[in-house]
Amino acid sequence: MESVPPSPVPGRNAPCPCGSRKKFKRCHGAIPEPNRLVGRLLDHESKLQVFFTRDMMLNQLRRDCPKIAESFDRLWGSELEKISGLMSRTLMQLYAGRRVAVAQEDNLRLACGQLLLNATLTYQAAVAALRDGFRLQPGILIRNLLEAVSTVLHIFTKPADLPRYLAGTLPSPSTISTAKKVLPPYGRAYGFFSENYAHIGEPHRMDHPLVVYEDPEDPAVRFNLMNLTWTSWLLFVTSELVFLDFSARRYWRHVDENSYAYDPSPEERRWLARFLGQPEPKTDHHEA
């Protein structure tokens, strides 16, 4: 989108009336070429004539988003480094575990590992969206990711359903109740993201302009970072369960065949509280 003041216009070398301090010819006086023009709209309040051009979306992606990403890194780069560190541990578990699963022809862990690796890419897409200025979309992506996690938790603890999953006849919503039982904190998160992101919730009723980040306390960004931090932990703890025999066992212990207990130590609970920036939900150990 490009805009220029309607007639009468200032001289080409005069300051642009938009207040940018640029010459008019280098700012809003740069009227788009006819073959780029889609339409125009007169904004009476700002006294500008708004031109809609064919390359609006490309300009946002190629020109604006890199600038927005730079502003994000400047304000919240340390937050990205924190969650990146945990995601690296998650990927290490997944790749190491899948190598063993391939060697052992363990179809259950191969299926779970594939789901989780795809979920990590969805997670990275959510991070990239927020970094590029998209404030609403990370929650939508996280909501999709939650069903991938619930499917993993379901088929891993109920391996008799693996053939249904592989055949495409296991509806992912039917796995939610299992995930809630296996990992208690999951239930509250799933309910929240379903209400607000899978369906049209409060975030959809707000404006989300694609602009450079300026406020280090931007509530939308802070909220998204909190969700992304928790989700990075969810991916880690789920991957640990699937490949428990090859991990440090920070959150789970093996009870018997296909039965596991979510039972983090007091030290791990304290670490989690620091990592999330809030107390972990108080839960006793749960067996799945």
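The values are calculated or read from the model by the stated rules, or taken from the named source; none is laboratory data. Small disclaimer: the values here were computed from a predicted structure and weren't measured. Glycine gets a Cβ as well: all are built from the backbone with ideal geometry, and neighbour counts include every protein chain shown. Areas reflect the complete protein model, heavy atoms only, side chains present, ligands, DNA and RNA absent. Shrake-Rupley method; radii C 1.70, N 1.55, O 1.52, S 1.80 Å.
Tabulated values for the structure
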{"read-out": "Potential lengthening between Ala125 and Arg253 on full extension [0.36 nm per residue; Cα-Cα distance subtracted]", "value": "42.9 nm"}
{"read-out": "Accessible surface, the chain, averaged per residue in Å² (probe 1.4 Å)", "value": "54 Å²"}
{"read-out": "Cα pair count fraction exceeding 24 Å, expressed as % - segment 135-225", "value": "35 percent"}
{"read-out": "Listed residue (Ala111, His199, Phe156) projecting farthest to the positive dipole end of the chain, Cβ model", "value": "His199"}
{"read-out": "Structure-based [θ]222 nm, the chain - -39500 (n - 2.57) summed over DSSP H runs of at least 4, per residue, nearest 500", "value": "-17000 deg cm²/dmol"}
{"read-out": "Convex hull per residue volume in Å³, alpha carbons only, for segment 178-288", "value": "131 Å³"}
{"read-out": "Percent accessible area from carbon and sulfur atoms, segment 33-84, protein chains only, probe 1.4 Å", "value": "52 percent"}
{"read-out": "Expected-Rg normalisation [2.2 N^0.38 Å, Cα atoms] applied to the chain", "value": "1.29"}
{"read-out": "Kirkwood-based Rg to Rh ratio, segment 66-156, C-alpha trace", "value": "1.07"}
{"read-out": "DSSP loop GluC sites (Glu not before Pro) with at most 15 other Cβ within 10 Å: longest gap in the chain", "value": "106-213"}
{"read-out": "Projected area, mean over directions - segment 102-143, Cα convex hull, nm²", "value": "3.2 nm²"}
{"read-out": "Simple Cβ-charge dipole of the chain, Lys/Arg +1 and Asp/Glu -1, about Cα centre, in debye nearest 20", "value": "1060 debye"}
{"read-out": "Debye intensity ratio in log₁₀ form over the Cα atoms of segment 65-219, taken at each q of 0.09, 0.15, 0.21 Å⁻¹", "value": "-0.36, -0.91, -1.35"}
{"read-out": "Modelled FRET efficiency - R0 25 Å, Ser194 with Thr169, Cβ distances, 0.05 increments", "value": "0.65"}
